[in-house]
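Asker: I am attaching a structure below and will ask some questions about it afterwards.
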Amino acid sequence: MKTLLVSVLMMAALMGAPVLAEGLLPNIPAALGEPHPEGNEFWRVNHPAILSHDRDLTVLDGIRDIDGSIKTCVACHAVEGPDAAPLTVASPEHACRTCHDYTAVKIDCFQCHNSRPEAGDWPAVLPSLGGTPESLHAYLERISQ
Amino acid sequence: MIIPTKEKGADISRRDLLKSGGAMATVTLASGVTLMSFGGKAAADGLKPGARWGLLIDAGKCPEDCSACVSACSKEHGWEDNGLDTDPQWIRKVTLREKETGRENSLPVMCQHCDEPPCVDVCPTGASFKREDGIVLVNRHTCIGCRYCMMACPFKARSFVHEPVTDQRTDSPRGNGTVEGCNMCVHKIDRGDGTTACVEACQATGNNAMMFGDLNDPESDIAIAVSTYASVELRADLGLNLGVRYQNI
Ligand code: SF4
Ligand code: SF4
């Protein structure tokens, strides 16, 4: 058990995934908007299916008001980088990457989609990385409501 | 091959199901979890059934030294032509010269949104497709970058993206390894702007050489214009029934 623990920790460190000091979970930054009404667990499991279902609605039928829109995802899950601009997926601390690096699942979306809101649409206040105890606490408060 | 255009509403399509709020107000997506937001939300969203979007370009009003439409397209969609052979061109200014008389014409050429598009015929994956409102697009989710469509297009309207792209326009995703071309500002059409970036820019210059509209709507300016004044298709001999028409060439 101990070896497994150590190797998981080492893996996470190698991949650059920020790891909570006390846990083995990825440090997912808090999002800007209201929590998902369906719950985080639902979206964690179902986001790939919803995204691929809804992309066909948009691309083929021009339906833009969809539940799984990458543009909306990256706007709400934007995280402040060192230069006060939202982080791109080039950073391991990008909201998508924190989890995807941890689970070793490659993201293809951002080969074509912008991984952050485009300049001009940057939110005035960006959540900083989920590292501070206050932000984490506030986030946990919100999602537990 | 004739691409059948299915009348929306003739049968119950996926979109009709989504539109009819009652039918799908509650969707069970996983055991014990329901997503309530689908039904009714998509009403009035989506492409206009029965439309055929098109452009009418008056070469007589298009000065040779103007390329406002090209710059506007580049800005709207985030592509850049820096003069390299491999740089994308969604729209370009072309000069036509009549051999016998020497008369020259300058005009913008982009994807002509063929009614019977050769690019769709040859695409092995179905990524190249025609929307029901006549706009021909590349579905980059399924494009494998084989570039058959580029070979098939009589107008050299498509480009291959050779380099990785970052910081794309969020309304116009584009990326390395896929093919792209004029999408008639489909994001603007879907949100009801009723115009394209090139047409807006052309009007802003005062040249008014371009007009956008629904060719199938007899009341639209473009339908009235094409039924009143002479206009031609490029390479009409191919019989592709183009969505872009030209005057004074
Ligand atoms: S102009 Fe070329 S890219 Fe556009 S629809 Fe016709 S064949 Fe396809
Ligand atoms: S490059 Fe893409 S869109 Fe063009 S023919 Fe190949 S798969 Fe189809």
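The values are calculated or read from the model by the stated rules, or taken from the named source; none is laboratory data. These numbers come from a predicted model, not from an experiment. Glycine gets a Cβ as well: all are built from the backbone with ideal geometry, and neighbour counts include every protein chain shown. Ligands, DNA and RNA are stripped out before the accessible areas are found, and what is left, the full protein with its side chains, is counted by its heavy atoms. Shrake-Rupley method; radii C 1.70, N 1.55, O 1.52, S 1.80 Å.
Asker: If a residue must be open to solvent by 20 Å² or more (accessible area, probe 1.4 Å), over 17 Å from the mean Cα position of the chain (by Cα) and within 14 Å of ligand 2 (Cβ to nearest atom), how many such residues does the range B:153-182 contain?
Answerer: 3
Asker: Considering every residue within the range B:120-127, establish whether at least one is near ligand 1 (Cβ under 8 Å from one of its atoms), outside any loop (DSSP other than H, G, I, E, B) and free of Cβ contacts under 8 Å to residues at least 40 places away in the same chain.
Answerer: The answer is no, given that none of the residues of the range B:120-127 is near ligand 1 (Cβ under 8 Å from one of its atoms), outside any loop (DSSP other than H, G, I, E, B) and free of Cβ contacts under 8 Å to residues at least 40 places away in the same chain.
Asker: Test B:ALA127 against the stated conditions and say whether it is closer than 26 Å to B:PRO49 by Cβ, of a type in the set (A, V, I, L, M, F, W, C) and within 12 Å of another protein chain (Cβ to nearest Cβ).
Answerer: Here the answer is yes, as B:ALA127 does meet what is asked.
Asker: Still on this structure, I have one more. Output the strands (runs of 3 or more DSSP E) that fall wholly within the range B:130-249 and possess 3 or more residues being more than 23 Å from B:ALA68 (Cβ to Cβ), or say none.
Answerer: The qualifying strands (runs of 3 or more DSSP E) are B:136-138.
Asker: Additional query: So how many residues does the range A:29-63 have that are open to solvent by less than 40 Å² (accessible area, probe 1.4 Å) and closer than 15 Å to B:HIS187 by Cα?
Answerer: Within the range A:29-63, residues that are open to solvent by less than 40 Å² (accessible area, probe 1.4 Å) and closer than 15 Å to B:HIS187 by Cα number 6.
Asker: Filter the range A:49-68 down to the residues that are more than 9 Å from chain B (Cβ to nearest Cβ) and modelled with pLDDT of 95 or more and list them by number.
Answerer: If the condition is that a residue be more than 9 Å from chain B (Cβ to nearest Cβ) and modelled with pLDDT of 95 or more, then A:LEU51, A:HIS53, A:ASP54 are the ones that fit.
Asker: Could you go through the range B:88-95 and let me know if any residue there is at pLDDT 95 or above and over 29 Å from B:GLN168 (Cα atoms).
Answerer: Yes.
Asker: Another question, if that's okay. Which condition does B:ASP87 not pass, out of (1) surrounded by fewer than 21 Cβ atoms within 10 Å (Cβ to Cβ); (2) more than 14 Å from every other protein chain (Cβ to nearest Cβ); (3) assigned to a strand (DSSP E or B), if it passes all the others?
Answerer: Of the numbered conditions (1) surrounded by fewer than 21 Cβ atoms within 10 Å (Cβ to Cβ); (2) more than 14 Å from every other protein chain (Cβ to nearest Cβ); (3) assigned to a strand (DSSP E or B), the odd one out for B:ASP87 is (3).
Listed here are the residues, each with its yes/no results for (1) in contact with a strand residue (DSSP E or B) (Cβ under 7 Å, 6 or more places away or on another chain); (2) open to solvent by 30 Å² or more (accessible area, probe 1.4 Å); (3) more than 10 Å from chain A (Cβ to nearest Cβ).
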site: B:GLN112; (1), (2), (3): yes, no, yes
site: B:GLU116; (1), (2), (3): no, yes, yes
site: B:VAL120; (1), (2), (3): yes, no, yes
site: B:ILE135; (1), (2), (3): yes, no, no
site: B:ARG140; (1), (2), (3): no, yes, no
site: B:ILE144; (1), (2), (3): no, yes, yes
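Asker: Would you confirm whether any residue within the range B:92-105 is of a type in the set (A, V, I, L, M) and either open to solvent by less than 10 Å² (accessible area, probe 1.4 Å) or over 30 Å from B:ASP237 (Cα atoms) (or both)?
Answerer: No.
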